[in-house]
Structures are given as C-alpha cells and as structure tokens.
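Following: one structure in structure tokens, then a few remarks.
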Amino acid sequence: MAQISERGRRLLLKLIENPAWTLDQLAEALNNSKKTVSVALSEVEHFLAQWPGEAILYRRAGEGISLHITENQRNWLLHDLLIVQNTKIDFSDSDGRVYYILLQLLQAQNYLKVQDLCDQLFVSKGTAEKDLGAAEQILLENGIHLQKVRNRGMRLQADEKKLRNFYAQLVTQQPLKKPYEMGLIPPFSDQTFYAFLGLSHVQSILDDLFQLKSEQKLHINYASIRSLSVHIAVALRRVQLGACIHIEPADRERYRDTRSHTLAVRLSEMVKTDTGILLPEDELIYLAMHLEGIRRDSTDFLTIRDSADTMEDLPKLVDQMIQIMSERYHFDVSSDPEIKKGLLLHLRPAISRMRNGFSISNPCLTEIKTHYLSAFEVGIDCFNLLSDAYGVAYNEDEIAYLTMHIQAMVERNRLGSIDYRILVICPFGVGTSQLIVSTLRSHFDCFSSLDVMSAVDAEQEDLSTRYDFIITTVPLKINNVPVVVVNPILSENELKKIRAAFSQVEADLKREKAEAMGIFQKDAVLFLPNGITKEQALQIGCAKLQELGCVTADFYDSVCKREAISSTSYGVWAIPHGAPSRVKHSCILLCISKDGISWEDNTVKLIFLLALNQQSKKDFSAIFDSLYSLTCDYHLLTGLLSKDDPQQVIALLGKHGYAI
C-alpha cells in the first residue's frame, strides 16, 4: 500500500476539502512556505500514482492546482488518509488484525472472502478465521450481523444508521491492546448519569468483565455484563461509605465453593488493581450471586431460598413495568435492548432478598431522589406491581435501585432530549463537510438527520422548515434557524461551541414547553400558618385544592399513602402528590411556610402540592423536569420566600418563565 508523510497527508486532505487552489492559498492554509508546499505536492503526485484508486493531481500555470476524483473514489481516498495512513496496524498482533478485518468489512462493496483476508494479512486460513470470529463477536455486540454465503463470501447486514455509527467509532479510534479496549464495545451513553451518582469506575469495571469473559470463555451477553458492572460500582461505593451488605452464613456456604465465587474473587482482584478498593467477603458472595445469574439465561435464574418458586410470572410483570415506562416517557421502551434483561437480573435476587427480610442500602439514594424525580416516581409505580404480586414491603433503597435501571434507560435513549435535523455547510459541500460530519457523528447522537450542502445551494434554499440547526464554515445569515460558524477542523473548542449552542436551544424549547403547560394557577398560592406539622400542612393544602374544585375529598388519603412509601421532601422544598384518579382538574398548589415545617430530616419552606389527573400524568416527566429546574434556581426560591402576597408570588413565577 502506498505511504505518505504527515505533511503530504495534510495537503491531500486540503485538496479533497476544496478541489481548486492556488499555490499561495495552499501555503497560507497549511502555514508553510510555497517551496515546502511544492515539495509536498510532488510527494502527493507520487502517492496518487501508486494509490490503487483513480485520482489525478493537475498543476497548471495560470490555472492553479486541482484534484480530479469521483465521489466514490474520494470517499475511498478519505478513508485511507483518515484511517489507514493515520494508524499503525500491527498485523503480527491479533487485535490489529481484527481491527483491520472490521475496516475491510465496512468498506467492502461486494462479498469479501476469507482468502482475500489471508492474502492481505499474510496469515494462514486458520488464523484468519480465528480473527474473523473475534471480529464477528464485536459486530454482534454492536447489532451488526455478518452474512456468510457459500462460494461467494461474507458481507455485513444491518440498517444504515448502525453501520454509519459503528464506522464513525472506527474512524475516531486507535487500535489498542485488547478488543474490549478498542472502543468497539458500545460505550456508556449514560456514563454521565453514573458519574453523577459517584459511580466513577463503571467503564473500567466493564472492561474488566470483558477481559474476564475472554479469559474464562464465559457465554454471557453484553447487556448482562453491563448491568453487572453497575452493581459492582455500587458495591465499591458501599465499601467506601462503610455500608457493606451482610450475607447470612447459610448463603455464604451455598456460594463459597462455586465457580461463580472463584470468578468473583478473580474479578475482585482485577477491580482492586484498577480502583484500589478491595471487596470484603460478603460483597464477594453477593457478587457471586449476580455472576451466577448472568451465567444462566435470565428467565431461568433462581437465587437464595426461592428454589421452589420459579417466579414464572416475573417476565410478564417486567413487561407491565416497561409498559408503564412507555406511557410515562412517550417512547416504546420495549425497543431498548437492555432494559428487560437488566430488570430481570436485578429483580430476581431483589425479590428474594426482600422476602427473606434482607435488604441492602443504596448509597445513591439521596442523589437519585433529589435529581431524578420523574424516574423515581416511575420506580414507585413499578414497585407497586412487585408489592401486589409478591407481597414485598415498600423500601426506598430497593426503589432507588430500580430507578437506576429506569434512568439509565432514559439516558441511553436520550428521552426528553431533542433529535435535531442538522445541516452542515461548507464552500463546496464536499471535503470539509464530510470531515465535519464524521467528527459530529463520533461526538454527538442528538440528530435525526445530518445533511451536507454547499454555500451556493444554501443561499438559494429555504432552510427554515427543513432544519433545526445549521453548522457552517462560511458566515451565513439564515432566518429562524440557529447557526453556528466553525473552523473546518473541529477542535475541542469548536466542539464546546456546538455543545453550548445545542444546550441553549434545548433550554429554550424546555422553557417554551413549561410555559405552554401553564402548571400554576393564579389562585393556587397559599401562605401556611406557623407552628404546624407536616400532616396539618397537607390537610390545609388538600382542602384548598378541593375548594378550587381540583380534587375529590379523599385526595388527602392518597397523598398520605404516597408519602408513606418515600418522603417527598428535598431540603427546603417538597413535592407531595396523590393518586390521579382523585384529581378532577390538574393543578399545582404552592404552599409557603416562612418558619419552615419539620418534614422527616428536613425543614421544608416551599411545598409544591401536585394534583395531576391521568391526562397530565402523560406529561408528568416534563412537569417534574420543570419543577426540578425551578427548585435548582436559588435566586427564584429566595425570591418566593421573600414575598408576602400571592400576587407577588405569581408575578415572580411568570417573570421566570412559568406560565400562570
């Protein structure tokens, strides 16, 4: 294969970006002298003469420098320059060969034969087939099927979006030492969520699990391993907080001499190397229980003392939970590949624990309740199904564990976020745009479409109804569409600029949605008397809602029932709420207590008493998100507490964008 220096590579990328240049323009663009550029042009000519594709470099006096190449050949050349020429692949190493095989499969226009790989890699057929098997496993974990046809060869089968996304990962990754380190295993799209909970080791644990899978030849799938990695991260947090679980002696003996315990010990050693944290014996036994679960099919997994109880109805119960999530988030949650298996793996041992009076603390409880209000409420609704089916008592810690699965699903699918129709514009709509598109695909997943257009065409088109966002290398004035002007090469600063622009648009749309909901009413503000209890405050609030004609007389009872499951106080504010079936008209009553009310471990001064009927409950996630945004606004909360008149409160809420 023809080789080219970094200087020549940069020059050729410029020629792909813009097919026509003068020598002065190239010298300025590359920050080189004209003599240096002339030498580099000679190198490019030599490279193209050896390159197996068809591309011609023209250098003519008075006409400048131009690259003549077809669109298909341009993509091939771009691939070579971005990947092959920019990556040192060691064919003597199995991981390097696997990486190369994946590239060839993605680039193949027709069927690819094993013998072709043997010739390219200079290996035997047996070695090529072994490496191909490793590549096929990575493809399957990314939802891509390798079709094999006798006497023809093999090719990839998947929808175009999956192939593009997988290709984008390869474009931006270097081949590392181990396949599980190559970035080809799907990354945690919800990693920020886990990091926020203080679970900082999830990704490294995932890597350890894949290494263990390879070492021990374990037949376990990605979704199960991923779920287990989160459980281990939580265990590490428990150890750090001195809140380790306690296992009964009989259960210790049951698992101590099993293969799962041996695997748990080995995994613990790997995790300790990465994190410096050693899991105590009872945490190891608990880890062995989970390993036992993921080594079997989740629908057959039994644990602890429930050998006589097959929990045959649990899969159907999980389906009902998924239906609840789908209704709350307006999304077919059953399409998420991980949620059902993750819930089954979690719930079987959880139900067994609770039936036997054994529960484990959740070190993330406070963070989950405070920052993921809507997911926690969905968790309570799902836990109601467990309570009815298995007679288990309500437990905040267990609800929080269930909430982690729900919020992770939300993060994976970006529910509540916006999928943009994005247009990328550059002078000619070719090279630069393609480079930007590749970079965007590797850093963002918030778009439903990503198109390319030249600046000339953009000026002649009405783009306001076709696109939500425009990223351009050419300063353009386009009405009614947010525009971000960037440099052709997207540096980290340019990416930050794009992220900031996305965040601003999303914030504006969320505010518009909050305003459209009109969740507050002009007469739904109440100043509470001093020296009252939580129960008295709720009675007064519910009576006011009944007076307004919003709720039935037994709404208060449903509020108390919800409060008994888990406290709804979060610092100086609380969001108690009752059953939708007891609500006639949706309303949020704001109750203000100047001196504060003792509410569990908090002193609450602002009570947002929610009365949401079935129709409003469909939008409850957006309502909770709006309330969370409100309660995060320190100046607004302080302002509300400083007012002495309901009309002043209403005016302040309106000033901050909360429609009345």
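Values quoted throughout were computed directly from the atomic coordinates according to the rules given, and no laboratory measurement underlies them. All of these numbers come straight from a predicted model, not from anything done at the bench. When we count neighbours, we look across all protein chains shown, and the Cβ atoms used for this are built from the backbone with ideal geometry, even at glycine.
Data table
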item: Cα→Cβ-extended label distance, 7 Å offset, between K148 and L495, nm; result: 3.7
item: Theoretical FRET efficiency, 1/(1+(r/R0)^6), r = Cβ-Cβ of R60 and D462, R0 41 Å, to 0.05; result: 0.55
item: Computed lengthening from H46 to Q240, 0.36 nm per intervening residue step minus Cα-Cα distance; result: 63.8 nm
item: Theoretical gain in end-to-end length, D644 to E160 [0.36 nm per residue, Cα-Cα removed]; result: 168.3 nm
item: FRET efficiency for R562 and R355, using Cβ-Cβ distance with R0 set to 30 Å, rounded to 0.05; result: 0.80
item: Residue pairs, from the table K522/K643; K35/K496; K34/K477; K544/K643; K340/K584, whose Cα atoms sit over 25 Å apart; result: K35/K496; K34/K477; K340/K584
item: FRET E, pair C632, D554, Förster distance 56 Å, beta-carbon r, rounded to 0.05; result: 0.95
item: Q320 versus T22: modelled label distance in nm, points set 7 Å from Cα along the beta carbon direction; result: 7.7
item: Extension gain (nm, one decimal) between D397 and E547, 0.36 nm per residue minus Cα-Cα; result: 50.3 nm
item: Rough spin-label spacing in nm, given labels placed 7 Å along Cα→Cβ, for D313 and E535; result: 3.4
